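Peer 1: Take this structure, written in structure tokens, and hold onto it; I'll ask about it next.
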Amino acid sequence: MKLVICLSVLILTSCVDHFSEDALYGSYTPIEYNNNYDTILLSKDNQYQRRVWDKNKKLLLNMKGSWYLHGGTQVQFYSFYFNLDDDLVKFPHLINDTTGGSSSLVKSKNGVIKLRFKYLNGETLYQQVSNK
């Protein structure tokens, strides 16, 4: 039984790269968004900068907030706009909802770090595009 548990843990931990908090610093963009463009820049001082443009390239959100790494696998954001590829040309008021927080799971595979935000009907992924 102990052998089965040890092998299971070994298999599960070998599928995902390990990373340091320093590796999280940098810019992230959502994967496969069509209605807007979004960037999240994580800084060393546990601050982040968020910019969101609509599909016409009009900047609608330029904000700062705080974040921290929880348990080595989860990033907690404060004052966060939960972007679900909203059509911000038709519904620009959605960008104003930044009062809540959000958390994301951090995944690293083959040196690529992704932030995974889960919601009721699925998930959205942000991929690191630069490391600062």
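Peer 1: What number of residues within segment 26-46 satisfy the criterion of being touching a strand residue (DSSP E or B) at 6+ places or on another chain (Cβ under 6 Å), more than 20 Å from residue 123 (Cα to Cα) and surrounded by fewer than 16 Cβ atoms within 10 Å (Cβ to Cβ)?
Peer 2: 1
Table: residues versus (1) out of contact with any strand residue (DSSP E or B) (no Cβ under 7 Å at 6 or more places or on another chain); (2) aliphatic (A, V, I, L, M).
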position: 89; (1), (2): no, yes
position: 97; (1), (2): yes, no
position: 100; (1), (2): yes, no
position: 107; (1), (2): no, no
position: 112; (1), (2): no, yes
position: 121; (1), (2): yes, no
position: 125; (1), (2): no, yes
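Conditions (1) over 16 Å from residue 22 (Cα atoms); (2) among the aromatic types (Phe, Trp, Tyr); (3) at pLDDT 95 or above, marked per residue:
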site: 47; (1), (2), (3): no, no, yes
site: 68; (1), (2), (3): no, yes, no
site: 73; (1), (2), (3): no, no, no
site: 84; (1), (2), (3): yes, no, no
site: 90; (1), (2), (3): yes, no, yes
site: 97; (1), (2), (3): yes, no, no
site: 122; (1), (2), (3): yes, no, no
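Peer 1: Can you tell me which residues in segment 108-124 are surrounded by fewer than 16 Cβ atoms within 10 Å (Cβ to Cβ) and not basic (Lys, Arg)?
Peer 2: Listed by number, the residues that qualify are 110, 111, 112, 119, 120, 121, 122, 123.
Peer 1: Separate question: Identify the single condition in (1) closer than 15 Å to residue 104 by Cα; (2) part of a strand (DSSP E or B); (3) not aromatic (Phe, Trp, Tyr) that residue 84 does not satisfy, given that it satisfies every other one.
Peer 2: (2)
Peer 1: So, in segment 59-93, how many residues would count as being in contact (Cβ under 8 Å) with a residue 12 or more places away in the chain, more than 15 Å from the chain's Cα centre (by Cα) and surrounded by fewer than 16 Cβ atoms within 10 Å (Cβ to Cβ)?
Peer 2: Looking only at that region, the number is 5.
The values are calculated or read from the model by the stated rules, or taken from the named source; none is laboratory data. Please read all numbers here as calculations on a predicted model, not as lab measurements. Glycine also receives a Cβ, built like all others from the backbone with ideal geometry; neighbour counts cover every protein chain displayed.
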